[in-house]
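Notes to accompany the following structure.
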Amino acid sequence: MIKKQIALSLFILALTFVFNSKSFAISGYLNSFNTTYGTKGTVLDSCNLCHTVKPAVNNYGAAYMNNGYSFKAIENLDSDGDGFTNIAEINARTFPGDPNSKPSNNTDNTPPVVTAFSIPATSNSLTISITTFTATDNVGVTGYLLTETSTTPSATANGWSATAPTTYTFSTAGTKTLYAWAKDAAGNVSTSKSATVTITLNTADTTSPTAPTNLTANSVTTSSVSLSWSASTDNVGVAGYKIFKNYVEIGTTTLTNYTDSNVSPSTTYTYYVQAFDSAGNISQNSNIVQVTTPAVVSGFRILTPNNGEKFLSGSPIPITWEAHPNATYYNISYSTNNGLTWIPLENGIMGTTYNWNTTNFKKNVKCRILVTAYNSNYIQIASDKTDLPFTIEVATINKPSGGEIITNGKTLNITWSSSPVLSTTAKVSIYYKLNNSFIWKLAGTINGNPGSYNWSVPVVTKDTKAVIKVVFRNSLGSVLGVAISNPITITP
C-alpha cells in the first residue's frame, strides 16, 4: 500500500511544541543554501529562509521545490513580491521569502578592499598556508575567495567563504600566482591582491603512507553509511584519505571519518580506504568492510480517510497518517479521478495530521488522498494512498434514494440536505432525464432552498429509468452546487 507524494506540519498534538528553529536548521536544504551563498552563521542561516510562519513553506521554499531543488534556478525570481530579486535579497542578507524583509533603499555600490594578502615564496607541498588575508568594506565584508585567475569572479560564484581561508591547494607544482578577492552583502566584488609561490615537490619522497586500519561502519541507515578508521603514518606526513565504494573512488577527506549519503535501502556495499601523501604516494588498502542498508520500514500508512467515508463540502476533513521512522517532511495531494492526476494540498508538513477545508467543489465528488514522506534532504522515501475513495458532498438527495419504482402521473416529493457552501442559495432548479439520455429536462424552479419539491412524474408507455438533478444558484444566477440522485424506475 506504500507508494508516493505530499506534505504539512504538526507532529501530533503533543509534539506541536517542538517546532522551533533548531529542528528546521538541521535540514539539508539549509546546508545546501549556506554552501551555495556562503551564508553560514549569518541571519539567513535560519529555517525562516523557507518557513516564514512555521511550519508552512513560504513562496521561496515552494519555488525551490518546484525548480528541481535548485537555488541558482530561482535567483532572478521575486518570490515574496517585494520588488527585489531573490539574489538581491540574499546579497543584502534579507529573506527572499518574506515581503517584510527587504534591502534598504540606500543602495551600496562601494566594493570591499583587500588590504593585505601574502603567502610563502616557496613550498615543498601543493597545499600552502595563507600568511595574511584581510579586507575592509564600508558596510561589511561577507565573503572571501582565492582563485588562480585574474578574472573578477561573480558574487555568486562557487568557492566564496564567510571567513578568510587559511590554506590553498594547487593541482600541480611550479610557479603559481594566487589572487585574493572580497565581496559584500550587496554583491560588490573587490579588485584583487595577488601573490606568487614557487612549489617544488620533494621528488625524493617515494615512501607510501601505512595502510589505514580498523575501518568500521559506525552507522548504517536506509540513506547513509558512516565510516571511521585509525590514522595512517608517513615519513613526511599524510595528506589525506581516498574512500572507495564497490571498488570505485567516491571521495577524499583529511579526517579519519566519512559519511556516504548516496546509498539505497536493502542494498549491500563494500568499502575500503587508502592514505596518500603530498608527493602522491598511496598506501595499501585498509581492511574491507561490507554493509547492507536496512529496508524501509513499512508501517507508514494513511489512517483517515481510508474507508469510503462521506463528508459535507465546507467542513474540515481530518487527514491522518502513521509517522515514518525516517521521515522529516510530508506532502499531501488529492485526486478526483481515482489517481489519474494529483492536485497538491500542502507541502513540507512536519507532523502526522492535516485538516482539509473543502470549499472548492460545486458537485459531489469521489476523492482519494496521497501522502508522500521525505527525509531531511527532501528525498522521497515512501508514499501511501487511501484504500477506498471517499465522497465530498455539496448536497445529498435523500428522497428518492435510488431503486424506487414510481407510477407515472403521480407526485413524488423530492427532498435533499445541503452543506454550508450552499448557504447563499437564492434559487433551486430541479431537472430529470430518462433512460440515460444526455438531455436534462426542467421539472421546476423554486426560490430559496426549502429542501423539498413536489415533482409531477411524467407519463411513460413502458418501464423507464429516471435520474433527478438539483442545481443550486445564488442571486446572480451562478451555480453554487449540484446534487444528482441514484436511478429510479417509472412504470406506466
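The values are calculated or read from the model by the stated rules, or taken from the named source; none is laboratory data. Keep in mind the model is a prediction, meaning the values are calculated, not measured. Here Cβ is always computed from backbone atoms with ideal geometry, including for glycine, and neighbour counts include all displayed protein chains.
Considering region 363-380, the residues that are more than 15 Å from Pro305 (Cβ to Cβ) and among the β-branched types (Val, Ile, Thr) include one that is nearest to the chain's Cα centre (by Cα), namely Ile379.
Among the residues of region 226-266, those that are part of a loop (DSSP other than H, G, I, E, B) and exposed (fewer than 14 other Cβ atoms within 10 Å of the Cβ) comprise Thr233, Asn235, Gly237, Asn246, Tyr247, Thr254, Leu255, Ser261, Asn262, Ser264, Ser266.
Find the residue count for region 144-159, including only residues that are modelled with pLDDT of 90 or more and more than 15 Å from Phe117 (Cα to Cα).
Initially, region 144-159 is screened for residues modelled with pLDDT of 90 or more, giving 144-153.
Retained after the next criterion (residues that are more than 15 Å from Phe117 (Cα to Cα)): 149, 151-153.
Here the count works out to 4.
Tallying residues that are assigned to a loop (DSSP other than H, G, I, E, B), of a type in the set (Phe, Trp, Tyr) and under 23 Å from the mean Cα position of the chain (by Cα) within region 57-115 yields 3. Taking Phe300, is it out of contact with any helix residue (DSSP H, G or I) (no Cβ under 8 Å at 6 or more places or on another chain) and part of a strand (DSSP E or B)? No; evaluated as a whole, the condition is false for this residue. Selection over region 162-220 of residues that are touching a helix residue (DSSP H, G or I) at 6+ places or on another chain (Cβ under 9 Å), of a type outside the set (D, E, K, R) and assigned to a strand (DSSP E or B) gives a count of 0.
Tell me, please, whether a residue that is farther than 30 Å from Ser335 by Cβ, of a type in the set (S, T, N, Q) and in contact (Cβ under 8 Å) with a residue 12 or more places away in the chain can be found in region 396-409. The answer is yes, given that some residue of region 396-409 is farther than 30 Å from Ser335 by Cβ, of a type in the set (S, T, N, Q) and in contact (Cβ under 8 Å) with a residue 12 or more places away in the chain.
Can you say whether Asn436 is touching a Lys or Arg at 6+ places or on another chain (Cβ under 8 Å), surrounded by fewer than 15 Cβ atoms within 10 Å (Cβ to Cβ) and either among the basic types (Lys, Arg) or without any contact (Cβ under 8 Å) to a residue 40 or more places away in the chain (or both), as far as the supplied structure shows?
Spelling it out, Asn436 is indeed touching a Lys or Arg at 6+ places or on another chain (Cβ under 8 Å), surrounded by fewer than 15 Cβ atoms within 10 Å (Cβ to Cβ) and either among the basic types (Lys, Arg) or without any contact (Cβ under 8 Å) to a residue 40 or more places away in the chain (or both).
Residues being in a strand (DSSP E or B) and farther than 23 Å from Lys410 by Cα are entirely absent from region 452-469. Scanning region 387-408 for residues that are among the polar types (S, T, N, Q) and under 20 Å from Asn449 (Cα atoms) gives Thr396, Asn398, Ser401.
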